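Worksheet for the structure shown next.
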Amino acid sequence: MQFRWLFLLTCACSCFAQEKQRIVQIDVSKLLNARPVTTFAGNKLISWNKGIDGNGDGDGYLTHAAALFNKDDTAHALPDNPVFPSTRSHPEIQLHYNNADSAHNQARFVSGEGGFSINVPRKHYAAIYLGLTSSEGPSALEFELVYTDGTEIKKHLLPDYYDNISPKDPDVSYVATNLAKWNKKDVMAEKDHHNIHLLKLSIDPRRKLKSIVVRKAKGGYLMFWSATGVTY
C-alpha cells in the first residue's frame, strides 16, 4: 500500500511539473535586421533582401505560397505558417516571416566577428532554444547567460546549414530541414538539403535569467531566427 501511494505521489508531482512548464516565444523584433525569406502578398513576390549565405549576398528561402506562385516544387519551401509544432527534440517554435507582412524584418545576420544581446522576460527557465543558421562553414558561438545574480558562459560550434545533425550533439535539432534556396531573382538555385538549426541552451532553473549575450567568432555567416523559452 505504501508503494502504491508513493507511485501516485510521484505521478502527481510529475504531472504538476509538466503543467507548470510554459513555452515563451520571446519578442526579438528589435534585434532583427534582415528579410531572408521571400513571401507572397498582394498577388506578387516580396523578395528577400539579405541572403542566408554568401555573407548575405547569396541565396534565400521562399514560403510555400511564394514557391507555388513561382511554379517551383513546393516540397522544399518553408511552410506558410511560421509556427513549427513541438517534437521530441523541441517545443513549439515561432519564426518571424509572414506572407501578410511585406515590411518587417524576419531575422538577424552577423557577418564576421560580432554579436547581440537577447533580453528575455525575467523568469526561471529550464532551457532556451535559438533558431540559427551558419553558412560559409560553422560558426563558433559563445553565450553569456546573464542571471539576476551573476553570469554563466556556454560555448558551441554551430554546424554549417548544409550539414546534417551529429548524433553526438544532443543540443542541436532542426526547426526546418531539407530546404531549397533561391537566388536574388527568386530562381531556385539548389533544390534541397539546407536546414534551419535549433540550438538548446540549458538554463539553471534555480536562477532567474534576464538576458543572453551572443558572441560570434570571425568564421562563418550567422543568421538568427528566433528565441523560445521553456519556463518553470
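The values are calculated or read from the model by the stated rules, or taken from the named source; none is laboratory data. As the structure is a computational prediction, the values presented were derived from the model and not from experiment. Cβ atoms come from the backbone with ideal geometry, glycine included; neighbour counts cover every protein chain shown. All accessible areas refer to the heavy atoms of the entire protein, side chains included, with ligands and DNA or RNA removed. Shrake-Rupley method; radii C 1.70, N 1.55, O 1.52, S 1.80 Å.
Annotations
- Residue check for Ser89: of a type in the set (Ser, Thr, Tyr), at pLDDT below 95, closer than 30 Å to Leu201 by Cβ and surrounded by fewer than 19 Cβ atoms within 10 Å (Cβ to Cβ): yes
- Filtered residues of region 22-58 (kept if at negative phi and small (Gly, Ala, Ser)): Ser29, Ala34, Ala41, Ser47, Gly51, Gly58
- Every residue from region 143-197 that is part of a strand (DSSP E or B), of a type in the set (D, E, K, R) and farther than 17 Å from Tyr221 by Cβ: Glu144, Glu152, Lys154, Lys155, Lys191, Asp192
- Scanning region 60-113 for residues that are hydroxyl-bearing (Ser, Thr, Tyr) and assigned to a loop (DSSP other than H, G, I, E, B) yields Ser86, Thr87, Ser89, Tyr97, Ser102.
- Within region 154-188, the residues that satisfy the criterion of being surrounded by 15 or more Cβ atoms within 10 Å (Cβ to Cβ) and small (Gly, Ala, Ser) are Ser173, Ala176, Ala180.
- Any hit, region 35-42, residues being at pLDDT below 95 and either surrounded by 11 or more Cβ atoms within 10 Å (Cβ to Cβ) or touching a Ser or Thr at 6+ places or on another chain (Cβ under 9 Å) (or both): yes
- Within region 116-153, being out of contact with any Phe, Trp or Tyr (no Cβ under 9 Å at 6 or more places or on another chain) and open to solvent by 40 Å² or more (accessible area, probe 1.4 Å) holds for Ser117, Asn119, Pro121, Arg122, Pro138, Ala140, Glu142, Thr148, Asp149, Thr151.
- Out of Gly229, Gly219, one residue alone is at negative phi, touching a Pro at 6+ places or on another chain (Cβ under 8 Å) and not in a strand (DSSP E or B). It is Gly219.
- For region 27-34, the count of residues that are assigned to a strand (DSSP E or B) and modelled with pLDDT under 95 is zero.
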